[in-house]
Amino acid sequence: VQLQASGGGTVQAGSYLRLSCASFRNTFSNNTVGWFRQAPGKEREFVGAISWNGGSRLFAESVKGRFNVSRDRTKHLVYLQMNSVNAEDTGVYYCAAARKSYSGSSSSDYPYWGQGTLVTVSS
């Protein structure tokens, strides 16, 4: 496993949480890194992504204005800052690295996946 998501837990609706994605062995410094999530009984969906240099970000409509993605290339970490969470944000969150030169939202263009971290939003 070359990517590892962490930071999940149970939070109350309206609060915030920050997830981290560690890239081991500096493998994906030049790749877009995306965040996806899968809620119980639902298909995996795109959440947000950040380009290799942090210059471009893309978000799903459902999280736009509430979530942000950032990266620290010196530490090989990518973060998902989740603000004003609600019950619909509950799910297992995964980080993934895209194929070279890709910066979109299609999961099929992200060949490298890490293990997920569970986020539960309580009301």
**OP:** Just tell me which lysines come within less than 26 Å, Cα to Cα, of K100; anything on the same chain fewer than 8 places away is out.
**Re:** K64, K75
**OP:** Report K42's accessible area, 1.4 Å probe, all protein chains in place, as a number in Å² to the nearest 10.
**Re:** 130 Å²
Original post:
In the full protein assembly as shown, how much of R66 is accessible to a 1.4 Å probe, in Å² to the nearest 10?
Top reply: 40 Å²
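The values are calculated or read from the model by the stated rules, or taken from the named source; none is laboratory data. Everything quoted here is computed from the prediction, not taken from an experiment. Heavy atoms of the whole protein, side chains included, go into the accessibility calculation; ligands, DNA and RNA do not. Shrake-Rupley method; radii C 1.70, N 1.55, O 1.52, S 1.80 Å.
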